[in-house]
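The values are calculated or read from the model by the stated rules, or taken from the named source; none is laboratory data. Here the structure is a predicted model, which means the values were calculated and not measured. Here the Cβ is made from the backbone with ideal geometry for all residues, glycine too, and neighbour counts use every protein chain on show.
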């Protein structure tokens, strides 16, 4: 669960200054702390932010300085301090700002004065968005997530509070990180240099910023899963169509009149903010924001998200974000989480000189010592004091992690791990699976070999060739020196009706780079006897085939047996470029139906032969076939994060390209090729487009057996989960071909709330429209097109499509398909 929720807590950056420390507390007149107040040295961009208890620490150069403290809704206060060699204490007690209403006469039926201010801000928006072409700054970010409550079980699995670092009641800090980063910007490129980063308990913190810029028409307030369409800025070009405004008053800040404007969404279930935006008079720029998102305004997974920003002048007529605080709260599957992200920016330079080639494919780079800074370092650069429980969390979890690392080489750790395994239970054998580890002393730490045997029930299936089939897949992974892993995986399968025993085994050797960063090599070898679908893409899984065969007397799965031997090699580079080579020898044999049992239909003539009906004209018997081939894939324009130990690709705006070639020998004689292009494009308010387009064909088709033909993945069941690689109403072998050229296209558009959010009552469900088309073309007699429209994000996981299929030789088909789609749908898999 934490893997789903915690990545949504990343937002932006903050930073420190240097010099003599000035400490203090920011409160209101009643003595109540003001959390995350802005404290700065007047006339500079050096500053800090108070913590949740109102305490702050500010490093200032020696000498006389004016310290400015400001907090949204309160009067700014200035105090002079003489900074010598000793730390100074400087407390602030702020008064609420006294709002004054403008003397504006509103005629009966007229509009609120806020509208005129907003129109001016909209006109100036493009100017402020592009005003600064280059800059650098420093940034410090602290992110804190707390668990307020948690379930005892999650999807049937017991949840142990200590596994996520909270107390026995399920409360406590689950994530605490801080980082120090230099940000460089040259429109439109950004580069980050992470100077230091840490996470409570060890490892790097959250360092990739999500820029929240209200001068953009579309604001990316969080990660795409939380708000895939983005959110409409209160000063976007078309903001007046989405928001209502009310001027609540004005106040003077440093001689500049500031308008406090209430932002009110016109309609629910649109991606809109609510709250306040503060706009300066005459120059119409953003002074500060206090804006909120909720589930009623297309926020997903998270219940509430509050964004508070303070903008300050960093040069004449240039204002930038000084600090940003983001609060969020989420209740999901029984987990109750709150979090905040505090960001303070400092040391703005609007005229930086970048060396030639500075902006390149590496957009984020870590200093070699970023992860290994000690406590005195953090105490010297941290601009806001840690709270008591934050100090305790860092101390306890870092000490625990250090003790584990120190003991990883010792006998005590080895003995402790060896004593931990629990006895195998009956339910493990029947359902959950058997898992066991053998711990041993490695070169640098305690390592292990592992055994896994899936539960017996999960290996049961039914088909008309084998009847009831039981498959067991025991696997063992051995840890070898130099980060190599050898996996031995076997397959034993028995058909109780045809009494055939299948047994095969294979070895896979993988070299994993240090830290998982860099190129990865995999060798594989296998052999034995197995039973396989004619279409090796396995268009129907054993669970669905068993249900349809037993309940509806539909035996869609078509099988053949083979004695085989295989050899393969693959390499994935840090650029995500990948290639693979493989060879497969098969001694194939036809198999026939051996049972006609079904639960509700005993008509022995109802089942179809095991040989695909649509390919009845192509004989299949005993044959020996050797195939050799390879595949490559590549995504141009990759961007990278560079770690001290290597680089990691993080994606590109361009599509992924892949190509393959396969050659058949012995009883086969063919040459087959394919080329594919796929991509996902997010158009924000207009939704997301996904597509997969392919070309292929046979350069030589003198002798092509059924398993080697081109099969288009059909689907004749009610369930479909291969949305971009299948055809929802097509037969499994109806359109199989050996043509010299064929083309496929799968296109779908996810509206992500567009259109459906305008339907009263229905919009409360947050079910989203999806539509698209799947098609392939071989020739005028062998082509197929289907169009579909449906709803997804049903209960966050389900998707239902209505599909119409068109083929020139047959009647139009209409069907309904159920699958998984939506915010959490991709996490589910059914075979």
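Things to note:
- Filtered by the rule that a residue be surrounded by fewer than 17 Cβ atoms within 10 Å (Cβ to Cβ), at pLDDT 90 or above and not in a loop (DSSP other than H, G, I, E, B), region 330-352 gives 338, 349.
- Residues of region 361-392 that turn out to be out of contact with any strand residue (DSSP E or B) (no Cβ under 8 Å at 6 or more places or on another chain) and under 30 Å from residue 133 (Cα atoms), as a count: 1
- Meets criteria (modelled with pLDDT under 95 and buried (at least 18 other Cβ atoms within 10 Å of the Cβ)) for residue 687: yes
- Boolean, residue 67 is in contact with a strand residue (DSSP E or B) (Cβ under 8 Å, 6 or more places away or on another chain) and part of a helix (DSSP H, G or I): no
- Set side by side, the residues 393, 415, 406 differ, and just one is in a helix (DSSP H, G or I), modelled with pLDDT under 90 and surrounded by 14 or more Cβ atoms within 10 Å (Cβ to Cβ), which is 393.
- Among the conditions (1) farther than 22 Å from residue 527 by Cα; (2) in contact with a strand residue (DSSP E or B) (Cβ under 6 Å, 6 or more places away or on another chain); (3) surrounded by 17 or more Cβ atoms within 10 Å (Cβ to Cβ), residue 627 misses just one, which is (1).
- Qualifying residue in region 185-200 (condition: touching a helix residue (DSSP H, G or I) at 6+ places or on another chain (Cβ under 6 Å), in a loop (DSSP other than H, G, I, E, B) and either buried (at least 22 other Cβ atoms within 10 Å of the Cβ) or free of Cβ contacts under 8 Å to residues at least 60 places away in the same chain (or both)): yes
- Residue satisfying condition, being closer than 27 Å to residue 645 by Cα and loosely packed, with under 14 Cβ neighbours inside 10 Å, within set 378, 372: 372
- Tally of residues being more than 13 Å from residue 723 (Cβ to Cβ) and in contact (Cβ under 8 Å) with a residue 60 or more places away in the chain across region 759-795: 5
- Filter result for residue 128 (outside any loop (DSSP other than H, G, I, E, B) and assigned by TED's automatic domain parsing to the domain that holds residue 365): yes
- Flag if residue 229 is touching a helix residue (DSSP H, G or I) at 6+ places or on another chain (Cβ under 6 Å) and assigned by TED's automatic domain parsing to the domain that holds residue 342: yes
- Residue in region 307-322 that is more than 20 Å from residue 181 (Cα to Cα), in the same structural domain as residue 255 (by TED's automatic domain parsing), under 29 Å from the mean Cα position of the chain (by Cα) and in a strand (DSSP E or B) present: yes
- Hits in region 19-41 (condition: in a loop (DSSP other than H, G, I, E, B) and loosely packed, with under 15 Cβ neighbours inside 10 Å): 29, 30, 31, 32
- Yes/no for residue 534 being in contact with a helix residue (DSSP H, G or I) (Cβ under 7 Å, 6 or more places away or on another chain) and either free of Cβ contacts under 8 Å to residues at least 24 places away in the same chain or under 20 Å from residue 502 (Cα atoms) (or both): yes
- When each of 679, 613 is tested for being farther than 30 Å from residue 231 by Cβ and out of contact with any helix residue (DSSP H, G or I) (no Cβ under 8 Å at 6 or more places or on another chain), the lone residue that passes is 613.
- Verdict on residue 244 being in contact (Cβ under 8 Å) with a residue 24 or more places away in the chain, closer than 22 Å to residue 101 by Cα and touching a strand residue (DSSP E or B) at 6+ places or on another chain (Cβ under 9 Å): no
- Considering only residues in region 565-592 that are part of a loop (DSSP other than H, G, I, E, B) and at pLDDT 95 or above, the one that is surrounded by the fewest Cβ atoms within 10 Å (Cβ to Cβ) turns out to be 592.
- Of the residues making up region 237-257, at least one is over 29 Å from residue 110 (Cβ atoms), assigned by TED's automatic domain parsing to the domain that holds residue 289 and over 25 Å from the mean Cα position of the chain (by Cα).
- The residues listed here are 776, 742, 828; of these, the one that is at negative phi, at pLDDT below 90 and touching a strand residue (DSSP E or B) at 6+ places or on another chain (Cβ under 8 Å) is 828.
- Residues (within 25 Å of residue 71 (Cβ to Cβ) and either assigned to a strand (DSSP E or B) or modelled with pLDDT under 85 (or both)) located in region 232-254: 245, 246, 247, 248, 249, 250, 251, 252, 253, 254
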